[in-house]
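The values are calculated or read from the model by the stated rules, or taken from the named source; none is laboratory data. The structure displayed is predicted, hence computed values, not measured ones. Backbone-built Cβ (ideal geometry, glycine too); neighbour counts: all protein chains shown. Ligands, DNA and RNA are stripped out before the accessible areas are found, and what is left, the full protein with its side chains, is counted by its heavy atoms. Shrake-Rupley method; radii C 1.70, N 1.55, O 1.52, S 1.80 Å.
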Amino acid sequence: MKEIKFDIIKFAYIEKETPDVSFIPMLLRRKLNSFGRAAIYTLYKSFENENVNLVFSSDYGDFERVKKLVKQRKEEGEISPTGFSFSVHNASVGLFSLLEKIKTGYNSVSAGKDSLPYGFLEGILSSAKIPALYCYTESLEKLQSVSVLISQNPNGKYLLSENNTGSSLNGFSDFIKFLEGEKDSFSCDLYSVKRI
């Protein structure tokens, strides 16, 4: 794996509580549940009104909404088109791109329990030419969302490299501690990121 230096320009996270997203137009805000509100909230808190590549990841996506659709299909024989459109894995980042008129592409990563570290890796790799805004959101066991604005920089303060140690610190709390400076590294089986 090629080593990459980069900077974390800005980040925001939320756990457990549904955030205030009153800055979103009411018509769209009404369609968001706690999963969508958490993702949109952290995306806006990390965004700097510039052209970015967007990357989104989640272990299970909007589980609450998908569960409701499966029940609706079973009981009524059909599902709500609006409910379906907001249940797709990347609906939150898609809505954010529409609200901010972002015309660059975006990637969506779903890698089970490794969605956070592999989504972060995709965010780093996507920041080569323009900054990348990476968002991870999950709501299966508890609501949690983090967004990070990343930019590759030859003089960057962070280094992405191959993980040669075999150790892995890649949970949500590990990632937050790394972003806040409480831990010097964040790693999974494939890579390691360190402060330099």
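For N163, nonlocal amide neighbours, meaning residues 5 or more places apart or on other chains whose placed amide H falls under 5 Å from its own, are Y191, S192. Label sites at L190 and K5, each approximated as a point 7 angstrom past Cα along Cα to Cβ, lie 2.4 nm apart. Full extension of the chain segment joining E76 with E64 gains 2.5 nm, where the gain is 0.36 nm per residue of separation less the Cα-Cα distance. Taking all protein chains as shown and a probe of 1.4 angstrom, F23 keeps an accessible surface of around 100 Å². Spin-label model, R29/N164: points 7 Å from Cα along the beta carbon direction are separated by 5.2 nm.
The portion of the accessible surface of the chain made up by carbon and sulfur, rounded to a whole percent, is 49 (1.4 Å probe; DNA, RNA and ligands excluded). Summarising the label geometry, the points placed 7 Å from Cα in the beta-carbon direction at I130 and S110 lie 2.7 nm from one another.
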